[in-house]
Structures are given as C-alpha cells and as structure tokens.
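Readers should treat all values here as calculations from the given coordinates under stated rules, not as data from a laboratory. As the structure is a computational prediction, the values presented were derived from the model and not from experiment. Using ideal geometry, Cβ is built from the backbone for each residue, glycine included, and neighbour counts are taken over all protein chains shown.
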2 protein chains.
Amino acid sequence: MSIREATRDDFAHIWPIFQEIAAAAETYGYPRDVTQEQALHLWIDAPRKTYVFEENEQVLGTYYIRTNQLGPGDHVCNCGYMVSSAARGRGIATAMCEHSQEIARALGYKAMQFNFVASSNEGAVRLWNKLGFSTVGRLPKAFHHPSKGYVDALVMYKWLDK
Amino acid sequence: MSIREATRDDFAHIWPIFQEIAAAAETYGYPRDVTQEQALHLWIDAPRKTYVFEENEQVLGTYYIRTNQLGPGDHVCNCGYMVSSAARGRGIATAMCEHSQEIARALGYKAMQFNFVASSNEGAVRLWNKLGFSTVGRLPKAFHHPSKGYVDALVMYKWLDK
C-alpha cells in the first residue's frame with residue numbers, strides 16, 4: 001500500500017468513491033446529484049493538494065488538504081477523507097488522517113479543522129477523537145440527514161504545532 | 001438610505017471598503033494584500049447574492065449571502081458584512097444584518113452561520129449576540145491578529161425558522 005499525491009488522471013478512480021458518498025448524503029456537504037465536473041473542482045482543483053491511498057494499483061481512499069481561511073486564518077488547514085465502501089474498517093481513514101497531519105506540518109500549517117462533521121457519523125467522530133481532534137463547535141440542526149432528519153454538525157479541531 | 005442588490009458595476013465603490021478591511025487583517029479571513037480580481041470573486045461572483053447600503057448615492061456598506069455547505073447543509077447560509085470606516089457606529093451593520101435575515105428567509109434558508117468571527121472583535125460579537133446569534137463554536141488560536149497575536153475565532157449561529 002502507499003499514499004501518494006493524486007494527479008488529474010486519478011480522478012477516474014476517485015469519482016466512483018466520491019459519487020457513492022455524495023449520493024448517500026450521510027457524511028459530506030456535497031450535493032447528492034453532484035456532477036463529475038463539480039466533483040473534479042471540489043476534490044482536485046480547489047484544494048491545495050489531493051492524495052490517493054493505493055493497494056495493488058487500486059485506489060481505495062483519497063483525501064484533500066486546503067487552507068481553511070485566508071489571511072489571518074491561513075495557518076489552519078482543512079481536510080476531507082473518503083474510503084471506498086468495499087475497503088472500510090481496515091484503518092485506511094486512520095492512515096490517511098495521520099499522513100495528512102504530516103503533510104500539514106510540512107506545508108507549515110499549525111492546526112487542522114473539520115468544519116462539518118455530521119454528529120450522526122459516530123464512527124468518524126470516535127476516530128477523529130482517537131487521533132487527537134476535539135469537538136470545538138456544535139451547529140444545531142445544520143446537517144439534514146436523509147433518514148434521521150436534522151441533526152447537529154460538529155466542528156472538530158487539532159493544534160498540530162508541538 | 002436604501003439597501004439594494006449590487007451589480008458588478010458597484011464593485012468600484014465596494015473595493016475601497018474591502019481593501020481597507022482586508023489590509024487591517026483584524027476581522028476577515030482574506031489576504032492582507034488581496035487583489036481587486038480576488039475581491040471581485042470573493043464578494044460578488046462566488047456568493048449567491050450581494051447587496052449595498054447606500055445613502056445619497058454613496059455606498060457605505062455591503063454584504064453577501066451564500067450557501068454555507070452544499071447538499072445536507074444547504075439550508076444554512078453564511079453572510080459577511082462590511083461598513084466603510086467613515087460610516088461606522090451608525091447602525092449600518094445592524095440594518096444590513098436584519099435585511100440579510102429577511103433575504104435568507106425569502107431564499108428558503110433555515111439558519112445563518114458566521115464561520116470565523118475574531119474573538120477580539122468584541123463590537124461585532126456583541127452586535128451579533130444582540131441580533132439573536134449564539135456562539136456555538138470556539139476555534140482555539142485560529143485567528144492571527146496583527147497586534148494581539150493568535151486569538152480564538154468564534155462560530156456564531158442563528159436558527160431563522162419560526
């Protein structure tokens with residue numbers, strides 16, 4: 001397995017993962033019916049860098065890193081992670097999150113923020129907690145879950161600087 | 001006085017206000033040395049709508065409204081407000097914030113969120129509190145203030161639906 005920087009050509013392998021997660025609408029603030037063009041912009045072009053997690057030349061996961069706010073906020077990055085449904089429960093999100101923290105430090109960021117974690121996504125919240133992130137905000141009914149209705153979204157944060 | 005939707009032609013009058021506020025770097029997550037082109041994108045093109053506050057055909061303030069997160073988050077909007085330094089303390093921010101809440105309701109939004117309020121900007125925090133916003137998040141040292149150093153940034157939120 002390896003985690004390497006993605007090229008635009010990798011998008012063909014990222015798109016099925018992205019589309020499935022957007023359509024489920026349980027974890028990300030992306031449109032359910034997102035187009036390939038929108039996804040390419042959101043995941044590859046707009047972020048500062050994008051990575052893929054590969055095993056036997058198969059893309060099983062991907063993440064992006066971007067500056068969360070410009071100017072006085074540009075020392076804080078934001079990341080998003082996606083794992084193929086067939087490859088979940090194998091520690092790929094953990095590996096990518098740890099990798100992203102190393103990349104963040106190398107790029108000079110002092111903190112990492114997740115802006116919009118559905119509180120119903122308990123596995124993710126538990127994982128980010130384990131990896132050192134704290135819940136620093138709770139947005140009441142900000143996430144419209146397809147089966148649970150309006151649930152709170154969390155803001156999670158980790159200071160990276162030693 | 002009036003508040004009306006801005007056109008791209010209004011940008012010439014918005015730009016001096018924007019540039020002064022970005023250069024001060026005390027309140028917004030924008031680059032200090034922002035270019036006109038970036039500002040036009042951030043304030044006019046990227047948001048859903050932009051408004052100006054006018055008095056005697058002079059632009060004294062401006063605000064934008066945008067969808068804060070897509071898909072499961074698209075019922076929550078985000079706004080940003082700027083008032084010309086010569087016109088502060090006259091209730092223009094209050095008038096624009098109240099106007100923006102009416103516009104938000106008319107556009108179908110159920111809540112309004114401010115993502116990045118410098119905790120050092122005590123006047124703004126007091127004003128948003130007075131207008132019904134609660135502090136729902138505190139981002140430790142997320143705002144690098146030019147004279148105060150790293151200060152917390154606040155996430156503020158108001159449910160608009162009756």
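Put simply, the C-alpha atoms of the protein assembly as shown give a gyration tensor, and the ellipsoid matching it has half-axes of 35, 21, 19 Å, longest first.
Hey, in the GNM for chain B with a 10 angstrom Cα cutoff, which one of B:Gly73, B:Gly91, B:Gly29 fluctuates hardest? Looking only at B:Gly73, B:Gly91, B:Gly29, the biggest GNM fluctuation is shown by B:Gly73.
Applying a DSSP loop filter and a limit of 16 other Cβ atoms within 10 Å to the GluC sites (Glu not before Pro) in the range A:31-60 leaves A:Glu57.
For the protein assembly as shown, the residue among A:Val151, B:Ile3, A:Cys77 whose Cα projects farthest onto the positive side of the dipole built from Cβ charges is A:Val151.
Its DSSP H runs of at least 4 residues, each contributing -39,500 (n - 2.57), put the calculated 222 nm mean residue ellipticity of chain A at -8000 deg cm²/dmol, to the nearest 500. Hydrodynamic analysis of the range B:62-126 uses the Kirkwood radius over alpha carbon pairs. Inserted into Stokes-Einstein at 10 °C and 1.306 mPa s, it gives a translational diffusion coefficient of 124 µm²/s.
What FRET efficiency, computed as 1/(1 + (r/R0)^6) with R0 = 30 Å and r the Cβ-Cβ distance, is obtained for B:Glu20 and B:Tyr150, rounded to the nearest 0.05?
Details: r = 23 Å, r/R0 = 0.78.
FRET efficiency, B:Glu20 to B:Tyr150: 0.80.
Near B:His145, the amide H atoms lying under 5 Å from its own belong to B:Tyr150, B:Val151; only residues 5 or more places off or on other chains count, and H is placed 1.01 Å from N.
Enter the per residue convex hull volume of the range A:116-162, computed from alpha-carbon coordinates, in Å³ rounded to the nearest integer.
Working: hull volume 2.6 nm³, N = 47.
Cα convex hull per residue, to the nearest whole number: 56 Å³.
When only alpha carbons are used to place a centre, the range B:120-144 and the range B:56-81 end up 17 Å from one another.
Globularity index of the range B:1-95 is 1.07 (Cα radius of gyration / 2.2 N^0.38 Å, N = number of residues).
When Lys and Arg each count +1 and Asp and Glu each count -1, what net charge do the other residues less than 15 Å away from A:Val76, Cβ to Cβ, add up to? Here the count lands on +4.
When the alpha carbon coordinates of chain B are projected onto the principal axes, the ranges are 41, 38, 31 Å, largest first.
The 3J(HN,Hα) values that the Karplus relation (6.51, -1.76, 1.60; θ = phi - 60°) gives for the range A:150-159 are, in residue order, 6, 10, 5, 10, 10, 9, 10, 8, 9, 7 Hz. Gly and Pro appear as x. Sequentially through the range B:47-59, phi angles give Karplus couplings (6.51, -1.76, 1.60; θ = phi - 60°) of x, 6, 8, 10, 10, 10, 9, 10, 9, 6, 6, 9, 7 Hz, Gly and Pro residues having no value and appearing as x.
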